[in-house]
1. I want to check the label-to-label distance for Gln44 and Ala446. Put each point 7 Å from Cα in the C-beta direction and report it in nm to one decimal.
2. Would you mind pulling out the separation of the Cα centroids of the stretch 468-486 and the stretch 255-326, in Å?
3. Quote the Stokes-Einstein diffusion coefficient, in whole µm² s⁻¹, for the stretch 324-415, based on the Kirkwood radius over alpha carbon pairs, a temperature of 25 °C and a viscosity of 0.890 mPa s.
4. Please compute the per residue accessible area over the stretch 286-370 with all protein chains in place, 1.4 Å probe, rounded to a whole number of Å².
5. Could you tell me the ratio Rg/Rh of the stretch 198-326? Both radii from Cα atoms, Rh via Kirkwood.
6. What is the packing order of peptides 78-91, 335-348, 190-203, taking the mean over residues of other C-beta atoms within 10 Å and listing the highest first?
7. Treating only the Cβ atoms of Lys and Arg (+1) and Asp and Glu (-1) as charged, compute the dipole magnitude of the stretch 313-450 about its Cα centre; round to the nearest 20 debye.
8. Where nothing but the Cβ of Lys and Arg (+1) and of Asp and Glu (-1) is charged, how large is the charge dipole of the chain around its Cα centre, in debye to the nearest 20?
Amino acid sequence: MSRTRTALLAALALVAGASGTALAVAPGDAGIAAVPCTVDYKVQNQWDTGFTAAVTITNNTTAKSSWSLKWAYAGNQKVTSGWNAKISQSGTAVTAANESYNGTLATGGSVSFGFQGTYSGTNAVPATFTLDGVTCNVDGGTDPTNPPDPGGGSKVDNPYAGAKVYVNPEWSAKAAAEPGGSRISNQPTGVWLDRIAAINGVNGGMGLRAHLDKALEQKGSGELVVQLVIYNLPGRDCAALASNGELGATEIDKYKTQYIDPIAAILADPKYASLRIVNTIEIDSLPNLVTNVSPRATATANCDTMKANGNYIKGVGYALNKLGDAPNVYNYVDAGHHGWIGWDDNFSTSVQTIKQAATAEGATVNDVQGFITNTANYSALKEQYFTINDSVGGKSVRESKWVDWNRYTDELSFAQAFRQEAVNQGFASGVGMLIDTSRNGWGGSARPTGPGATTDVDTYVNGGRIDRRIHVGNWCNQSGAGLGERPKASPAAGIDAYVWIKPPGESDGSSSAIANDEGKGFDRMCDPTYTGNPRNNNNMSGALPNAPLSGHWFSAQFQQLMQNAYPAL
């Protein structure tokens, strides 16, 4: 559902990467339970292509006679030399082991080493460190960036870790009824609360309480995550008619009292206290305030209105505040996707806008567990056959028509960089990312098996790119798409989970105008004959024909997603 922005007409100067310090918690600090180990990672000096870093490890467990510290980089950092440790690197994974003279690490003792490295683009601090296989900087006690609930409960660092995830029986039944659908009908998907009526159930369907009751049945004796989509802002999705909502631009009070308050009351019911409830907050809202407002060429009058009246900011802030108080509720705010927010003129500003909402209407950054990217979108998880640092014939990949001066080529690199930028701007160091992989597999016969030819930079990128859309700004019912990675917890550094928030088989929007009482309009980006607009650089829409209204079952798309799944079913 997300949009892109118009092409930059000239190269943007490379921006020096962010540097910072990894969370380090000293044993014995007031109110903090001892963690197994702490790591203080500091970028000391940084220049255009290189940096030096100092690392200090503190051991809070039994004494060691040798040690090995591991981390992974989100970008393309390379260690070139080191001191006071034997440092090796394979891909993004780095291992630092003791020298013969500093292997002893007493309980409460520390050891330091340093190194020099190279980078381009951003130079993000690694998200996770492990000492002899044990994760540092986290524990089961109190984290000052994530205080305990006054009622005595405490949020976990990653709600998906060690937990099953709720399988929506309504979606599961539709999937199982499709030929071959039983192969994925047991996968967990999001429950979309996309209008007030959805709280109690639409047309005899399950309401929120019914889903939570069913989740308790699925839970058993273990942990279980329920994924809800909070999606009903006033003037919703101001840049796309297909997913317009029921509330007008000024109906912020109705949003608060008739939508958020009833949801909050249900989630606060002690009956559901044993469930881990993950809220995905307002898809395609806050990024629109960055990219689709004046004086941008992509501006719409509706987005200008929502920026001026502040109701997106107020609504998201209110939702975060009201929903984030319970110790078993986790809020993840929508962060668009790399083909929308990945440009320099969108990236940091989007984080600033989210922070503005996260500190409005009584909310604080501690009401934000993390962020979600690629919701209901098609951006490839990982481009295997080219990187942002490649060049062909003297031209950078960033100069290709597909990348178009973006700083990211795929969702994983974007999500990891977005997380670090959020931390840099004041969000808690433990925030995590979710990536929606429900429709970004791009398998099947059209999937490349190697890099493109090096004839020129466009041939190279187009020949090797996993994402087979006509343009990265195309978002509606994309032809050729496939199921992506199956939902899983902790798949990569800084990523809490891959999720299927958009249930495969549910349409993005209708191919032609369809009268309805759901407030949904007809967006030409869902029309396969549409020749485009500035948001997709006037390319064809790439949409499938004969699509129903957004959220309605689209059998042809479901079959195609299974056919082109990657990994294959």
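1. About 5.2 nm, to one decimal.
2. About 26 Å separates the Cα centre of the stretch 468-486 from the one of the stretch 255-326.
3. 165
4. 29
5. Taking Rh as the inverse mean 1/r over Cα pairs, Rg/Rh reads 1.04.
6. Top of the packing list down: 335-348, 190-203, 78-91.
7. 160
8. The calculated dipole for the chain is roughly 700 debye.
The values are calculated or read from the model by the stated rules, or taken from the named source; none is laboratory data. Bear in mind that the values here come from a model prediction, so they are computed numbers and not experimental data. When we count neighbours, we look across all protein chains shown, and the Cβ atoms used for this are built from the backbone with ideal geometry, even at glycine. Accessible surface areas use protein heavy atoms only, side chains included; no ligands, DNA or RNA. Shrake-Rupley method; radii C 1.70, N 1.55, O 1.52, S 1.80 Å.
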